[in-house]
Amino acid sequence: TLSEADSEILANGGGLGRNFDVDETHTSAYGMATYKINDKMTFLGGLRATYTNTKVSGYQFDVTDENPDGMLSRVIKTKSYLSLLPMLHLKYMAGENTNVRLAATRTFTRPDFGYLVPGGTYLAADNEYDGGNPNVDPTYSYNFDLMGEHYFGKLDMVSAGVFYKVITDPIFMDTRQGDINGHTGVEISQPLNGNNAWLFGAEFSGNKKFDFLPGFLSGFGVQANYTFTKSEMTIPGREGKTSLPRQGKHLVNAQLYYEKGRVSVRAAYNFKAKYITEHGGSGLKRDDVYYGDYSALDANLSFKINKHLTLFAVANNLLNQKLEYYYGDDE
């Protein structure tokens, strides 16, 4: 039986999936040591231990043979886990302005609070149910990184690197057709853990300020970076492989900027290749949900009138690019 306060919350707040409380406590200890092997090489190692205790309280609505009209009940779920996170770093100074870095680490990501809600929200107009899963586990990753960087001056640099991740319990949004609480053919979305996954990537970045140019031109500069990623994951009950959620193969950012005196102007171009957001529970590619390729050009201007007052102007999506959202694969 719900209290009067709980009933009022649900009456005023609407969906069950939006009414929940999370109490999460973290207790951590860590240690780190640095050892200079020689003038060019430095070793850094460490270990962090984190204990997480999570308590989630929310509401659940169930239709059963004993309660054909449905019964609303308060649900409390708890989960505790210890995470051991070692790290090893090696830095090599190949030159006065050149560094090479090698790292092996273990990291983890806790589930988003919204994933942990015990109940869910049924949208009658769309015949959709968006629910949570308080039993979803955190995601762990063993990471291997190799990075090189070279500095040309105070602001000028280029860097390049490759990385590889071995991922355990990746979280994905499972979307399937089913029946729930007397409704048939409902599109049910719920976070679940995948079996295993890996991700490989390469990245390149650079920054150049044209301060060697005369007069007005010395305020110009450029920044750019490009990242390529490829990933695979296995989903319980689904044949074959799929990619990790929200991992587009290509990511590009480029900026042309001007900074001199009181004036700062930036034009930024961003591109992200298509990526999957929800995986169809039927195992068919046609039931997967994607965001399409997206690019945007944004600009901003600031002018410092005095030390107390600055004027700003911002313009977004100057290319008027559409954001596409679709089922299946456009290939």
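General observations
- Cut-off 14 Å between beta-carbons: net charge of the residues surrounding Ala160, Lys and Arg +1, Asp and Glu -1: -2
- Here's the picture: charge each Lys and Arg Cβ at +1 and each Asp and Glu Cβ at -1 in the chain, and of Leu244, Leu72, Gly261 the one pushed furthest to the positive end of that dipole is Gly261.
- Solvent accessible area, Å² - Lys249, 1.4 Å probe, full protein context: 110 Å²
- Ordering Glu96, Glu66, Glu24 by accessible surface, largest first, gives Glu96, Glu66, Glu24; the 1.4 Å probe counts only protein heavy atoms, with every chain in place.
- Rg(Cα) / (2.2 N^0.38 Å) computed for the range 193-298, rounded to two decimals: 1.54
- Springs join every pair of Cα atoms under 10 Å in this Gaussian network model of the chain, and among Lys79, Lys91, Lys304 the largest mean-square fluctuation is at Lys304.
- Within straight-line reach of Lys36, meaning a Cα separation under 17 Å, sit the following lysines at least 8 residues removed in sequence or on another chain: Lys91.
- Entries of Lys165/Lys241; Lys209/Lys307; Lys55/Lys79; Lys40/Lys154; Lys165/Lys249; Lys154/Lys260 with Cα pairs more than 18 Å apart: Lys209/Lys307; Lys40/Lys154
- When shorter helices are ignored and each DSSP H run of at least 4 residues is given -39500 (n - 2.57), the per-residue value for the chain at 222 nm works out to -1000 deg cm²/dmol.
- Residues whose amide H comes within less than 5 Å of that of Asn133, counting only those at least five positions distant or on another chain, are Leu116, Val117 (H built at 1.01 Å from N in the peptide plane).
- Couplings for the range 173-186, taken from phi via the Karplus curve 6.51 cos²θ - 1.76 cosθ + 1.60 with θ = phi - 60°, read 8, 8, 10, 8, 8, x, 10, 8, 6, x, 9, 10, x, 7 Hz in order; Gly and Pro are left as x.
- Among Tyr140, Tyr294, Tyr164, the residue with the largest mean-square fluctuation in a Gaussian network model of the chain, with springs joining Cα atoms closer than 10 Å, is Tyr294.
- Between helix 4-13 and the chain: long-axis angle, C-alpha atoms, 0 to 90°, nearest 10: 60 degrees
- Charge context of Ser302, other residues only, Cβ under 11 angstrom, K/R +1, D/E -1: +2
- Put a plus charge on the Cβ of each Lys and Arg, a minus charge on the Cβ of each Asp and Glu, and nothing anywhere else: the dipole of the range 211-331 about its Cα centre is then about 540 debye.
- The candidate values are [x] 145; [y] 245; [z] 219; the one derived from this structure for volume of the Cα convex hull per residue in Å³ carries the label [z].
- Working note: Karplus 6.51/-1.76/1.60 with θ = phi - 60° gives the range 309-314 the couplings 9, 10, 9, 10, 9, 10 Hz, where Gly and Pro are set to x.
- Result for the chain in a Gaussian network model with C-alpha springs under 10 Å: among Phe61, Phe212, Phe152, the largest mean-square fluctuation is at Phe212.
The values are calculated or read from the model by the stated rules, or taken from the named source; none is laboratory data. Everything quoted here is computed from the prediction, not taken from an experiment. All Cβ positions, glycine included, derive from the backbone under ideal geometry; neighbour counts span all protein chains shown. When the accessible area is computed, the model is the full protein with side chains, heavy atoms only, and any ligands, DNA or RNA have been set aside. Shrake-Rupley method; radii C 1.70, N 1.55, O 1.52, S 1.80 Å.
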